[in-house]
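**Student:** After the structure tokens below, expect a handful of questions from me.
The values are calculated or read from the model by the stated rules, or taken from the named source; none is laboratory data. Quantities reported herein were computed from a predicted structural model and do not represent experimental measurements. With ideal geometry, Cβ positions are generated from the backbone for all residues, glycine too; neighbour counts draw on all protein chains shown. For accessibility, only protein heavy atoms count, side chains too; no ligands or nucleic acids. Shrake-Rupley method; radii C 1.70, N 1.55, O 1.52, S 1.80 Å.
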Amino acid sequence: MTTATAVALVLALVSTMLTNVAYLREHDAAAALPVLSMRRPLQSVRILLADRSWMLGFAIESAGFLLYAAALALASLALVQSIAAGGIGVLAYVSARLGGRRLSRRELTGVLISVVGLAALAVSLVGGSGEGGSGSTGAILLWLAVTAGVATIVLVVGRRLGAVAVAYGIAGGLFFSLGDVSTKVATQGGTRLFFVVPLVVGYTVGTALLQVGYQAGGALTVAGLATLLTNAVPIAAGTIVLDEPVPGGALGALRVLAFVAVIAGAVLLAHPEKR
């Protein structure tokens, strides 16, 4: 593992800690605000910007994003994103301890699986640099378009079924994943700086969807589902459209196992047991 990859993974871990703390703070702030609506964007933005608690959460999230972008400039999308997924488990444990509550059996299982995934990932890095590929611009654009289309369908279906919190969590996560993939591509420079446009669109729409979702459901439901997709989709994109290499042999199998473990841990944490 190169020094650049090691630095990138540390940055990614700190980034995910900040981001998840921000999600919790934004949820608590948004839940206490007047009703937000995607149909009244300017009014909703004014309400959010006028709330100091929400602004602090957004500032923390922004700091996390800057560290995330720096990590992507040094390592592959799949590796950085897998650290983000595993970090959810660590954060869930620390949050529970600070909150004076015990983790449920399901949450504890999620934490343990996530940590095992992080350990497997660390071992797998011995055989590779962790550097990313570039991929075809056409394939990347198609991936982003399909992601946005699926998110829109989820919103429409979710509203009709009355599953508003779930729909906004999933759609928000998909738009965040769109921003994540665009961030990685934009860091490659040159003509690919154009991907700053879908980057801004993805994060803006994703943030807006989460705030509305926070008023319809709990933080673990909305942010949990969003985080799951924010991690799973970019990991898949890294291999499928960005041509990021996976080492062969035992280390390659261990890398795949690590990716599966951190996503499985995120799934368990996104759907905690009812108390």
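**Student:** Looking at segment 83-116, which of the residues that are more than 15 Å from the chain's Cα centre (by Cα), modelled with pLDDT of 70 or more and among the hydroxyl-bearing types (Ser, Thr, Tyr) is least open to solvent (accessible area, probe 1.4 Å)?
**Tutor:** Top of the filtered list is Ser104.
**Student:** Additional query: Would you check which residues across segment 144-180 are among the small types (Gly, Ala, Ser) and either touching a residue at least 60 places away in the same chain (Cβ under 8 Å) or touching an Asp or Glu at 6+ places or on another chain (Cβ under 8 Å) (or both) and list them?
**Tutor:** Gly173, Ser177
**Student:** In segment 223-254, how many residues are open to solvent by 10 Å² or more (accessible area, probe 1.4 Å), in a helix (DSSP H, G or I) and not aliphatic (A, V, I, L, M)?
**Tutor:** Counting residues in segment 223-254 that are open to solvent by 10 Å² or more (accessible area, probe 1.4 Å), in a helix (DSSP H, G or I) and not aliphatic (A, V, I, L, M) gives 5.
**Student:** When you check Leu9 against the structure, is it open to solvent by 40 Å² or more (accessible area, probe 1.4 Å) and either in contact (Cβ under 8 Å) with a residue 12 or more places away in the chain or outside any helix (DSSP H, G or I) (or both), yes or no?
**Tutor:** Criteria not met by Leu9.
**Student:** Is it the case that some residue within segment 217-231 is modelled with pLDDT under 85 and either of a type in the set (Lys, Arg) or in contact with a Lys or Arg (Cβ under 9 Å, 6 or more places away or on another chain) (or both)?
**Tutor:** No, segment 217-231 contains no residue that is modelled with pLDDT under 85 and either of a type in the set (Lys, Arg) or in contact with a Lys or Arg (Cβ under 9 Å, 6 or more places away or on another chain) (or both).
**Student:** Of these, Thr191, Thr183, Thr187, Thr152, which one is closer than 24 Å to Ser44 by Cβ and either out of contact with any strand residue (DSSP E or B) (no Cβ under 8 Å at 6 or more places or on another chain) or of a type in the set (A, V, I, L, M, F, W, C) (or both)? Let's see the steps before the verdict.
**Tutor:** Working: Thr191 fails: closer than 24 Å to Ser44 by Cβ; Thr183 fails: closer than 24 Å to Ser44 by Cβ; Thr187 fails: closer than 24 Å to Ser44 by Cβ.
So the residue among Thr191, Thr183, Thr187, Thr152 that is closer than 24 Å to Ser44 by Cβ and either out of contact with any strand residue (DSSP E or B) (no Cβ under 8 Å at 6 or more places or on another chain) or of a type in the set (A, V, I, L, M, F, W, C) (or both) is Thr152.
**Student:** Also: In segment 171-198, what residues are among the hydrophobic types (A, V, I, L, M, F, W, C) and surrounded by 24 or more Cβ atoms within 10 Å (Cβ to Cβ)? Break it down stepwise before answering.
**Tutor:** Within segment 171-198, the first condition is being among the hydrophobic types (A, V, I, L, M, F, W, C), and the residues that meet it are 171, 174-176, 178, 181, 185-186, 193-197.
Passing the criteria: Ala171, Leu174, Phe175, Phe176, Leu178, Val181, Val185.
**Student:** One residue is enough: does segment 12-26 have a residue meeting the conditions in contact (Cβ under 8 Å) with a residue 60 or more places away in the chain and over 26 Å from Val212 (Cα atoms)?
**Tutor:** Looking for residues that are in contact (Cβ under 8 Å) with a residue 60 or more places away in the chain and over 26 Å from Val212 (Cα atoms), one finds at least one in segment 12-26, hence yes.
**Student:** Count, please, the residues in segment 233-264 that happen to be under 18 Å from Val115 (Cα atoms) and under 21 Å from the mean Cα position of the chain (by Cα).
**Tutor:** 11
**Student:** Have a look at Leu199, Leu178, Leu210 and point out the one that is under 20 Å from Pro41 (Cα atoms), touching a Ser or Thr at 6+ places or on another chain (Cβ under 9 Å) and not β-branched (Val, Ile, Thr).
**Tutor:** Leu199
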